[in-house]
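The structure appears right after this line, and notes come after that.
The values are calculated or read from the model by the stated rules, or taken from the named source; none is laboratory data. Predicted model only: the values in this text are computed from it and were never measured. Backbone-built Cβ (ideal geometry, glycine too); neighbour counts: all protein chains shown. Note: accessible area is taken over every heavy atom of the protein model, side chains too, but ligands, DNA and RNA are not part of it. Shrake-Rupley method; radii C 1.70, N 1.55, O 1.52, S 1.80 Å.
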Amino acid sequence: MGLKYVVAKQVFGFDETKTEKFVPKQVITGQVTFNKLCTQVGQICGAHRGTVQLVIAGLVDALVNNLDDGKSVQLGEFGIFRPSIKAKESDTEEEADASRIYKRKIILTPGSAQRQAMNNTSIT
């Protein structure tokens, strides 16, 4: 089916004239529930949905535990998850401590399977 988009009118703040521009914006066409995803994986792999749910729950637990330890986690060709922080700059080394950190996040670096899938996806 491919990716869908709409054209949206937008005013950019950096433009002094406040000129309206038109930008293609992606449209999310739905959401797959966890149960439906487990059913689909079960059909592909020939495993019972309950078994798939158990394995995915274990994977998520292991992923969370390793990210919490500050490790990056590679999920095959899907990609690599890694923990990251955002922090405010400091004038001196002594000021640059944990109190300057204002955001924690997880970054997904897509693997070859994701990159290839996106490159081959049609756009309508």
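Could you tell me which of rounded, prolate or oblate describes region 56-124, using a ≥ b ≥ c as the square roots of the eigenvalues of the alpha-carbon gyration tensor, with rounded for a/c under 1.5 and, failing that, prolate when a/b is larger than b/c and oblate otherwise? Intermediate values should be presented prior to the final figure.
Details: a/c = 3.48, a/b = 1.74, b/c = 2.00.
Since a/c reaches 1.5 but b/c is at least a/b, the shape of region 56-124 is classed as oblate.
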* Structure fact -> For the Q74, Q116 Cβ pair and Förster radius 22 Å, calculated FRET efficiency rounded to 0.05 is 0.85
* Asked: Quick one, what does Rg over Rh come out to for region 85-124 if you take C-alpha atoms and the Kirkwood Rh?
  -> 1.36
* Asked: Which one of P110, I123, G79 has its Cα pushed farthest toward the positive end of the charge dipole of the chain, where Lys and Arg give +1 and Asp and Glu give -1 at the Cβ?
  -> I123
* Asked: Computed on alpha carbon atoms, what radius of gyration and Dmax characterise region 29-87, expressed in Å?
  -> 14.1, 46
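Treating only the Cβ of Lys, Arg, Asp and Glu as charged (+1, +1, -1, -1), what charge dipole size does the chain show about its Cα centre? Round to the nearest 20 debye.
On the way: 16 positive and 13 negative charges, 167 e Å.
Around 800 debye, computed over the chain.
What trypsin sites (Lys or Arg not before Pro) does region 63-116 have in DSSP loop regions with at most 16 other beta carbons within 10 Å?
Values: sites: K71, K86, K88, R100, K103, R104, K105, R115; in loops: K71, K88.
In loop regions of region 63-116 (DSSP not H, G, I, E or B), the sparsely surrounded trypsin sites (Lys or Arg not before Pro) are K71, K88.
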* Structure fact -> Output row, site F34, 7 Å Cα→C-beta label point, backbone N cut-off 11 Å, window region 42-70, residues 53-54, 56-58, 60-61
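So how much slack lies between K21 and V41, counting 0.36 nm per residue of separation and subtracting their Cα-Cα distance, in nm? Write down the numbers at each step before the final one.
Numbers: separation 20, 0.36 × 20 = 7.20 nm, distance 4.21 nm.
Once the chain is fully extended between K21 and V41, it gains 3.0 nm.
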* Long-range tail of P(r) for the chain (Cα pairs > 24 Å, %) -> 59
* Just going by the charge dipole of the chain, with Lys and Arg at +1 and Asp and Glu at -1 on Cβ, which of L54, C38, A98 is farthest out on the positive end? -> C38
* Label-zone membership for region 96-124, site K4, 7 angstrom Cα→C-beta point, backbone N under 15 Å -> 122-124
* Excluding ligands, DNA and RNA, what is the solvent-accessible area per residue of region 1-118 at a probe of 1.4 Å, expressed in Å²? -> 82
* Structure fact -> Loop-resident chymotrypsin sites (Phe, Trp or Tyr not before Pro) in region 3-96 with no more than 15 other Cβ atoms inside 10 Å, DSSP not H/G/I/E/B, are F12, F14, F78
* Roughly how many debye, to the nearest 20, is the charge dipole of region 68-124 about its Cα centre, given +1 on each Lys and Arg Cβ, -1 on each Asp and Glu Cβ, and no other charges? -> 440
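In the structure shown, do any of K36/K86; K4/K88; K9/K105; K21/K71; K4/K71; K36/K71 have a Cα-Cα gap over 32 Å, and if so which? Each step should come with its number before you reach the end.
Numbers: K36/K86 35 Å; K4/K88 37 Å; K9/K105 30 Å; K21/K71 42 Å; K4/K71 35 Å; K36/K71 30 Å.
Over 32 Å apart, Cα to Cα: K36/K86; K4/K88; K21/K71; K4/K71.
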